[in-house]
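Chemist: Pasting a structure here, questions to come.
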Amino acid sequence: MRDVAIVAFAQTAHSRTSDELSEVEMLMPVLHEVLDRTGLKTADLGFVCSGSSDYLAGRAFSFTMALDGVGAWPPVSESHVEMDGAWALYEAWVKILTGEADTALVYAYGKSSPGELRDVLTRQLDPYYVAPLWPDSVALAALQAQALIDAGATDERALAGVAARSRTDAAANPYAQLSGPAPMGDYVVRPLRRGDCPPVSDGAAAVILAAGDTARALCARPAWIRGLDHRIEAHSLGVRDLTESPSTRLAAERAGAFARPADTAELHAPFTSQEVVLRRALRLDDDVTVNPSGGALTANPVMAAGLIRLGEAAARIHRGESDRALAHATSGPCLQQNLVAVLEGEGHAA
Amino acid sequence: MPEVLTAPLVVEFPFTRSLGPVQSAFLTGLRARTVLGVRASDGRVVVPPTEYDPVTAEEIRELVEVGTTGTVTTWAWNARPRPGQPLGTPFAWALVTLDGADTALLHALDAPGAESVHSGMRVRIRWAEERTGAITDIACFEPYDSEPGRQPTAHSGEFADTDTETNADTDANADAGPVTGIIAPARLDYTYAPGRAQSRYLNALVDRRTVGERCPACRKVYVPPRGACPTCGVATDEQVEAGPNGTVTTFCIVNIKARNLDIEVPYVYAHIALDGADLALHARIGGIPYDQVRMGLRVAPVWTEGARFPDHYRPTGEPDADYDSYKELI
Ligand SMILES: [Zn+2]
């Protein structure tokens, strides 16, 4: 099997609104930055893959407009997923493994500010039994949090600790939207308080993947993808045990996450309670640095936030701050679908 | 920088969805105040029922009737109900395992306050007065002390058109026949913001000027601008006035009236390359019989009072443009 690495990562400074920018105007600087990091031009790319959802900003076929920012002439080999960009990265990884491409640009963007994100996300739910009730994203996460509290897996204080640690770490992340100490605030949907919930964010991110020697030529210390897998659970919430994440566990096993301990984990946990579930599923102990970026609790551009976890984990390897990192992305309500990547740097970190 | 333009945008669809045999039986059952589940391959009773096994994905069809009372497995207190949600007053979201079922159903629980709700509490269904064969036939759950223990019983999935239960209801609920589909209205409200390049374009249109943007790399002028040159992948930021006149590069004749559009058919819809633009925009052609419109026709915009964009384009009377002058823009 070919060795494939993340060789560059860029993201926007995420913000609550970006009224002055269209989606492509928001995305384009990130595309230029990630290409500049490697010296690649669009014409050099073997594959381009993106992740986004038209529902966020209410703009039909917005991904075709976003492609303007890539510069798609002469025609590029291109694909799009109506999913988080982490799944676009998965598609690009497979494309490179097949030998059809040596490099790939993967990007994702989400502009949630034009709509009511909590309501918009209800449209991804079962259209027969669930969507007609309009249960918003915070409500569903709160059901999971209460199940965890009932099971004795956490309590409100522990959840506040997750929020505080994330915001403290985000102070060192110039791209984070929220950082520094903040009160937990009132209940949004009990037992989740304001501080347990992610901000509503506009933002974008991009990475470049490359194979073998191409990766070595483009990056001093590539973040090699040692394993990558994604799994999904039953779509009916009432069928699942919300305190566990068997799909994360299985994806991690298939990706080889348990072969050796990792030093870092970037977890896509938009709600504090979801970090509790993921830590258990991934068997992370206190030696692992979890979400040094601050995680999705401090910037949550929907559709990009999962790709950002992969990018942040890779960037730590690029910088020599990690030798082996787990990156996780999620999709759907209550961690319904999960992707796990194992990333490694060659040689020991400085 | 000019002020950011915004406008309300409503995206609204009545989604029409057909049902499989299991979903159909379940929703027909709700209309008759009966809850059906389906037996999964491992023997569990799945409520609300699915057409396929949640673990093995194999087709499952064995219907059973379960109770209308049940137990809360988890809950969340919703102090500020949102549009479309089952209750307008504060309520708990709850996953409820109905007696006889092995999985839980999501719905609202009408309770006086968060302190009155806990996992393990007993509840029952409060039926909607008017039932149509939808999940909202369950108005919500309400607290109700009762003993669990009901076993699921076999059910054919068929409901007589005039069984005693429906007879007792209003005529609306006695609708004949199984429920075979649902119509699920969905509406999302947005505040649309067009971004920098399109805002500049729209602001100029107020003065009846058409301002495109030039790509710094390939020098092409885009009208209307989209913010990026799709060829070069860079921002267009140099404003260039184009038109007002232009050339029809290609056209079609519209013979079918569009809904909500008060234009007599047939009419011509055309691609028009404004003078100085490298991309054709599209607009209606008027002021000339539809069968006399041709490629190369020179046209000018026609504005109506107070409009923010041209109503249509009309012939200028100039000689037709030479094919070579617009062939790259077709
Ligand atoms: Zn250009």
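The values are calculated or read from the model by the stated rules, or taken from the named source; none is laboratory data. Nothing here was measured: the structure is a model prediction, and the numbers come from that model. Using ideal geometry, Cβ is built from the backbone for each residue, glycine included, and neighbour counts are taken over all protein chains shown. We work out accessible area using only protein heavy atoms, side chains counted, and drop any ligands, DNA or RNA first. Shrake-Rupley method; radii C 1.70, N 1.55, O 1.52, S 1.80 Å.
Chemist: About its Cα centre, what dipole magnitude does segment A:160-315 give when the only charges are +1 on Lys and Arg Cβ and -1 on Asp and Glu Cβ, stated in debye to the nearest 20? Could the numbers behind the result be given before it?
Modeler: Working: 17 positive and 17 negative charges, 18 e Å.
So the dipole magnitude of segment A:160-315 works out to roughly 80 debye.
Chemist: Can you work out the FRET efficiency for the pair residue A:1 and residue B:42, with r the C-beta to C-beta distance and R0 = 45 Å, to the nearest 0.05? Provide the component values of the computation, followed by the final result.
Modeler: On the way: r = 36 Å, r/R0 = 0.80.
Plugging the Cβ-Cβ distance into 1/(1 + (r/R0)^6) gives 0.80.
Chemist: Return one whole number: the accessible area per residue of the protein assembly as shown in Å², for a 1.4 Å probe.
Modeler: Here the residues of the protein assembly as shown average 42 Å² of exposed surface.
Chemist: Which FRET efficiency value, to the nearest 0.05, is calculated for residue B:16 and residue B:308 with the Förster distance at 35 angstrom and r the Cβ-Cβ distance?
Modeler: Numbers: r = 35 Å, r/R0 = 1.00.
The value I calculate is 0.50.
Chemist: Moving on to the next point. Local charge sum around residue A:119 (other residues, Cβ-Cβ under 14 Å, Lys/Arg +1, Asp/Glu -1)?
Modeler: +1
Chemist: Now for a different question. Rounded, prolate or oblate: which one fits the protein assembly as shown, using the alpha carbon gyration tensor with axes a ≥ b ≥ c (rounded when a/c is under 1.5, else prolate when a/b beats b/c, else oblate)?
Modeler: Oblate is the answer for the protein assembly as shown, as a/c is 1.5 or above yet b/c matches or exceeds a/b.
Chemist: Using a 7 Å offset from Cα along Cα-Cβ at residue B:146, what residues in segment B:101-122 end up with backbone N under 12 Å from the label point?
Modeler: B:122
Chemist: Right, next: Using a/c under 1.5 as the rounded threshold, could you call segment B:8-184 rounded, prolate or oblate? The axes a ≥ b ≥ c are square roots of the C-alpha gyration tensor eigenvalues, and prolate needs a/b larger than b/c, oblate otherwise.
Modeler: rounded
Chemist: Now a separate question. Indicate, rounded to the nearest 5 percent, the antiparallel portion of the DSSP beta bridges found entirely in chain A. Write down the numbers at each step before the final one.
Modeler: On the way: 37 of 51 bridges.
Of the beta bridges lying entirely in chain A, close to 75 percent run antiparallel.
Chemist: Applying 1/(1 + (r/R0)^6) with R0 = 22 Å to the Cβ-Cβ distance of residue A:13 and residue A:321, what FRET efficiency is obtained, to the nearest 0.05? Show your work: numbers first, answer last.
Modeler: Working: r = 21 Å, r/R0 = 0.95.
Here the calculated transfer efficiency is 0.60.
Chemist: Rounded to the nearest percent, how much of the accessible area of the protein assembly as shown (1.4 Å probe, protein heavy atoms only) is carbon and sulfur? Each step should come with its number before you reach the end.
Modeler: Working: 14360 of 28260 Å².
Carbon-and-sulfur percentage of accessible area, whole number: 51.
Chemist: Taking the Cα atoms of chain A alone, what are Rg (to one decimal) and Dmax (as a whole number) in Å?
Modeler: Computed over the Cα atoms of chain A, radius of gyration and Dmax are 18.8, 58 Å.
Chemist: Further question on the same structure: What's the lysine pair count for the protein assembly as shown at a Cα cut-off below 28 Å, pairs eight or more apart or interchain? Spell out each step's value before the answer.
Modeler: Numbers: A:41/A:95; A:41/A:111; A:41/B:220; A:95/A:111; B:220/B:327.
Count of close lysine pairs: 5.
Chemist: Next question, about the same structure. At 0.36 nm per residue, minus the direct Cα-Cα distance, what do residue B:316 and residue B:87 gain on full extension? Give it in nm, one decimal, please.
Modeler: Answer, rounded to one decimal: 76.3 nm.
Chemist: When the gyration tensor of segment A:215-350 is built from Cα positions, what are the square roots of 5 times its three eigenvalues, in whole Å, from largest to smallest?
Modeler: 25, 15, 13
Chemist: Further question: Taking the Cα centre of chain A as origin, sum charge times position over the Cβ atoms of Lys and Arg (+1) and Asp and Glu (-1), and report the length of that vector in debye to the nearest 20.
Modeler: Computed about the Cα centre, the dipole is about 440 debye.
Chemist: Another question about this same structure. If you place +1 on the Cβ of every Lys and Arg and -1 on the Cβ of every Asp and Glu, how big does the dipole about the Cα centre of chain B come out, in debye to the nearest 20?
Modeler: So the dipole magnitude of chain B works out to roughly 1100 debye.
Chemist: When the accessible area of each residue in segment B:225-239 is compared between its chain alone and the complete protein assembly (1.4 Å probe; ligands, DNA and RNA ignored), which residues differ by at least 20 Å², being lower in the assembly?
Modeler: SASA drop of 20 Å² or more in segment B:225-239: B:226, B:227, B:228, B:230, B:231, B:233.
Chemist: For segment B:5-74, run through the trypsin sites (Lys or Arg not before Pro) and keep only the ones in DSSP coil with at most 11 other Cβ atoms within 10 Å of their Cβ.
Modeler: none
Chemist: Oh, and also: Residue A:40's amide H: which non-local residues (gap 5+, or another chain) put their own amide H closer than 5 Å, with H modeled 1.01 Å from N in plane and none for Pro or chain starts?
Modeler: none
Chemist: Could you work out the relative contact order of segment B:194-329? I mean the mean sequence separation of Cα pairs under 8 Å and 6+ apart, divided by the number of residues, in percent.
Modeler: 20
Chemist: If you don't mind, there's one more thing I want to ask. Along segment A:126-134, what does the Karplus equation 6.51 cos²θ - 1.76 cosθ + 1.60 (θ = phi - 60°) give for ³J(HN,Hα), rounded to whole Hz, x for Gly and Pro?
Modeler: Ordered by residue, 3J(HN,Hα) equals 2, x, 8, 10, 10, 4, x, 8, 6 Hz.
Chemist: Also, quick follow-up: For segment B:194-329, what is the percent of antiparallel DSSP beta bridges, rounded to the nearest 5?
Modeler: 95
Chemist: For the interface of A with B, what's the total buried accessible surface in square angstrom, probe 1.4 angstrom, rounded to the nearest hundred?
Modeler: Roughly 4900 Å² of accessible surface disappears when A and B pair.
Chemist: Under the rule of at least 5 residues apart or a separate chain, name every residue whose amide H is placed under 5 Å from the amide H of residue A:134.
Modeler: Sorted by chain and number, the residues that satisfy this come to none at all.
Chemist: Once both labels are modelled 7 Å past Cα along the beta-carbon direction, what's the residue B:252-residue A:54 spacing in nm?
Modeler: It works out to 1.7 nm between the two label points.
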